[in-house]
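Presented below is the structure to which this report refers.
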Amino acid sequence: MTTTSTLRLGCVADDFTGATDVTSLLARSGVPVTLRLGTPEAETPASSSIEVIALKCRNLPPRQAVDEVLAAADWLLGAGAEKLYWKYCSTFDSTAKGNIGPVAEALAERQDSRWVIYCPAFPENGRTCYFGNLFVNGQPLDESPMRDHPLTPMRDADLTRLLRPQVDGEVGLLDIETLRESGDAVSSRLDELAARNVRHVIADAIDGNDLTTLSDMLGREMLLTGGSALAAELPRHLFADDPSMGDARERIPETGRHTLLLSGSCSAMTRRQVAAYQAHGPSYRLEPMALAEGDEALDAARQWLDDHYDACPLIYASADPESVARAQAVLGGERAGTLVEAALAALADHAYRRGIRRFVVAGGESSGAVAQTLGVSQLRVAREIAPGVPWTFAERDGEALALTFKSGNFGDENFFAKALETLS
């Protein structure tokens with residue numbers, strides 16, 4: 001494969017919001033980054049020194065997720081990537097049968113990596129790992145709002161215990177005390193783990209310095225995996241011989257003033273963001289039960305959108321855990337989610353046909369559905385709205401599209417208003 005750029009770092013992300021998150025943090029380095037939605041055709045050349053591929057595989061069965069990630073990894077390696085990074089959610093969204101471990105194991109085999117390091121910590125957004133336990137804003141994962149996630153409820157904060165059923169190899173811990181002691185202490189700990197046939201290592205991190213220490217291990221035979229914060233440390237190693245390249249974020253093109261806000265996330269933070277926007281902006285709620293009954297509910301939402309076209313309308317399906325549970329009890333979890341994703345995608349398509357060129361989408365599955373409907377396959381990163389949440393830009397039919405894909409838990413209560421202000 002012929003490339004137009006020297007590709008050094010290839011990253012595969014398990015959903016679209018996670019991909020924009022890691023792309024945004026990588027762009028802080030000043031190194032050009034390309035974000036691709038889905039695996040490119042085999043002969044497509046790399047266009048940046050860092051390539052990120054967004055997949056929609058977080059909730060797929062492990063075997064299917066492995067196949068999709070390996071296809072993306074093969075494209076990245078074929079394009080010349082020196083290192084791969086497997087990016088998943090900073091809340092380690094998974095289950096005993098989840099696919100974080102199987103994918104990491106398959107990537108390690110593909111790269112012949114001796115070790116697999118797992119570190120979802122993102123201290124800037126309140127995600128920390130301490131003696132193998134994941135905390136969200138100071139709360140153990142299984143006591144945080146993530147315990148009620150509609151698709152991946154998290155009922156265990158101990159990542160070593162959570163990962164163990166997912167992999168064939170043994171699982172161990174690189175604890176915070178060892179990590180902060182010295183490089184020799186880390187080497188000794190890894191030797192100790194090796195003697196116990198441990199291949200998969202959960203790594204602690206509670207601040208940026210810990211992530212820097214972990215990234216310094218890049219030269220070893222290791223596959224690094226985790227959240228976007230650890231990935232953001234890698235450019236300083238891989239591009240140490242390059243001069244500063246300045247800010248890699250793109251300038252914002254003209255996209256008009258009309259914006260559609262869409263939310264399929266049911267996270268506690270997104271529900272607060274929806275409530276905050278409702279205080280001053282028009283909003284419309286989608287009900288999965290109504291969507292299941294026929295086309296009338298979607299037609300009514302389209303009409304409402306037409307009536308509020310000029311007012312930056314918000315259409316949302318975000319709901320509290322009790323409401324989500326009631327809908328899932330009747331429709332089933334998969335169908336309830338699919339109905340919402342399809343409706344939000346159809347509304348995005350309707351908005352595009354009406355002339356809207358700016359879209360803000362909350363929720364990974366919803367973002368993937370909207371991006372696919374809009375026919376977007378490659379994005380450029382512009383300024384951040386919040387840590388890990390940038391505006392991105394693409395082209396369709398010769399026109400610029402502005403898109404923000406937000407992970408449900410990211411941003412503060414005024415996120416939607418800030419997203420609009422960023423483009424004003």
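The residue that is farthest from LEU262 (Cα to Cα), among those in region 392-424 that are part of a helix (DSSP H, G or I) and touching a strand residue (DSSP E or B) at 6+ places or on another chain (Cβ under 7 Å), is THR422. Taking the stated definitions as given, is GLU365 within 22 Å of ALA275 (Cβ to Cβ) and within 23 Å of the chain's Cα centre (by Cα)? So GLU365 passes the test.
For region 143-199, the tally of residues that are of a type in the set (D, E, K, R) and in a helix (DSSP H, G or I) stands at 12.
Only one of the numbered conditions (1) modelled with pLDDT of 95 or more; (2) over 30 Å from GLY337 (Cβ atoms) is violated by LEU134, and that is (2). You will find that of ILE206, ILE202, the residue that is at pLDDT 95 or above, over 30 Å from SER283 (Cβ atoms) and open to solvent by 10 Å² or more (accessible area, probe 1.4 Å) is ILE206 and no other. Annotation: of all residues in region 306-327 being without any contact (Cβ under 8 Å) to a residue 60 or more places away in the chain, of a type in the set (A, V, I, L, M, F, W, C) and under 15 Å from ARG285 (Cβ atoms), the one that is surrounded by the fewest Cβ atoms within 10 Å (Cβ to Cβ) is ALA319. Annotation note: Cβ proximity below 9 Å between a residue of region 292-305 that is within 20 Å of ALA336 (Cβ to Cβ) and a residue that is assigned to a loop (DSSP other than H, G, I, E, B) and acidic (Asp, Glu) (sequence gap 6+ or interchain) occurs for ALA297/GLU287. The strands (runs of 3 or more DSSP E) found wholly in region 1-74 and carrying at least 2 residues that are open to solvent by 10 Å² or more (accessible area, probe 1.4 Å) occupy 33-37.
Of the residues GLN303, GLN328, which is modelled with pLDDT of 95 or more, assigned to a helix (DSSP H, G or I) and among the polar types (S, T, N, Q)?
Exactly one residue qualifies, and that residue is GLN303.
Annotation note: of GLY368, GLY388, GLY364, the sole residue that is touching a residue at least 12 places away in the same chain (Cβ under 8 Å) and open to solvent by 10 Å² or more (accessible area, probe 1.4 Å) is GLY364.
The values are calculated or read from the model by the stated rules, or taken from the named source; none is laboratory data. On a predicted model such as this, the values are computed, not experimentally measured, just so you know. All Cβ positions, glycine included, derive from the backbone under ideal geometry; neighbour counts span all protein chains shown. Side chains included, ligands, DNA and RNA excluded: accessible areas come from the protein's heavy atoms. Shrake-Rupley method; radii C 1.70, N 1.55, O 1.52, S 1.80 Å.
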